[in-house]
């Protein structure tokens, strides 16, 4: 990162300043174990651990500055070593955000914000890949998309970067507004409006309202990219004051996919934009990832890249960990999509798995677990997925978790109504499944693994691979 001076901190962050800064800040961390010489340590009070108690460790490890809360400093004595700085603020996390906003102002480059209910991280990765053959890209590491993660992502900007692709997540009103205020994006993407976090936002229209807070930081010189196949986004775009582009499969999209096919591990999509046809390719599985390819194509063109450069960049795309990673073993073909789950992403994953079944003729086993943060929608969401399992090419459903009992029941009912031979097995928790996992499987199975991250389904993958 570009070194941050005392003057820059003082201008950006209100608070009580104790001590002196002997040298510039050269990194920003919220984990005291990541402190190195020159670091700014932001002490965060979490639900389980209050990082303020690690302030002495942070200074000892080389932190030149610490942000601490007034609440903690009022009740505890904080020793500040010579040549080190302590900034006492009402909210250290908010102070970090203010400093990140000031740091962002050091860069006069396009900043792209990516949000949506499903597919944010994959869209961010595909977009970064699309731009990478023509520009030096900074992208959000992993899924650092929260009030903690986005500022840390901003601090990752270096002088050589020519464009930033930042992911923004939320589960309450006001959070996207806060993140957009820090990042000040020039270009925005909303991938879709689903039901993730509906527990906190009340309805899909509530989710739309929360996601479109992004546009409050944008003006007539900005540009938005909306999924034109999403009914709520298509409706919203009709009255959107910001210049925008619709992408999708349906008529009326500015960037439209008219055909696609899965050629082994390569996804090929025929795109029409501005009256011209372009063939895009990426190492990806599933129709839903064509949307991410169109985002990369559209924004690449908007930033002045040639179609050939964009195509070259897309070919460098690689799926991130636990997002439709393919593992071929002596016994199974494993589709690891265990990072998170919602009804829309479960359906997309089932489509991908069914495509593999059609290509190989192998039995398809879907190991599906609970989807969290559904609130009042939880039972309906799990039944919806259960019905989709029964209606499509899954041969065996292994449903795991308290909510997934609804999934198993609905899959059994719909399969019976359709006269389909679907085997359904239910386990109340992951530990019970692990005891019986291999007795539920056969050699040569295709195994789809998917659930919300809190279900810890990632732990199944080493078992299945044989590690």
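Every read-out reported here was derived from the displayed coordinates using simple, explicitly stated rules and does not represent laboratory data. Just so it is clear, the model here is predicted, and its values are computed rather than measured. Here the Cβ positions follow ideal geometry from the backbone for every residue, glycine too, while neighbour counts run over all protein chains shown.
Things to note:
- Scanning region 195-205 for residues that are surrounded by 21 or more Cβ atoms within 10 Å (Cβ to Cβ) and either in contact (Cβ under 8 Å) with a residue 60 or more places away in the chain or outside any helix (DSSP H, G or I) (or both) gives 195, 196, 197, 198.
The rows are residues; the columns are (1) under 23 Å from residue 187 (Cα atoms); (2) touching a strand residue (DSSP E or B) at 6+ places or on another chain (Cβ under 7 Å).
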{"position": "251", "(1), (2)": "no, no"}
{"position": "257", "(1), (2)": "yes, yes"}
{"position": "266", "(1), (2)": "no, yes"}
{"position": "288", "(1), (2)": "yes, no"}
{"position": "296", "(1), (2)": "yes, no"}
{"position": "313", "(1), (2)": "yes, no"}
{"position": "324", "(1), (2)": "no, yes"}
{"position": "329", "(1), (2)": "no, no"}
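- Being under 21 Å from residue 336 (Cα atoms), without any contact (Cβ under 8 Å) to a residue 40 or more places away in the chain and buried (at least 16 other Cβ atoms within 10 Å of the Cβ) holds for only one residue in 424, 385, and it is 424.
- Qualifying residues in region 146-161 (those that are crowded, with 22+ Cβ neighbours inside 10 Å, free of Cβ contacts under 8 Å to residues at least 60 places away in the same chain and in contact with a helix residue (DSSP H, G or I) (Cβ under 7 Å, 6 or more places away or on another chain)) - the one nearest to residue 45 (Cα to Cα): 150
- Search result, residues across region 1-30 that are free of Cβ contacts under 8 Å to residues at least 12 places away in the same chain and touching a helix residue (DSSP H, G or I) at 6+ places or on another chain (Cβ under 8 Å): none
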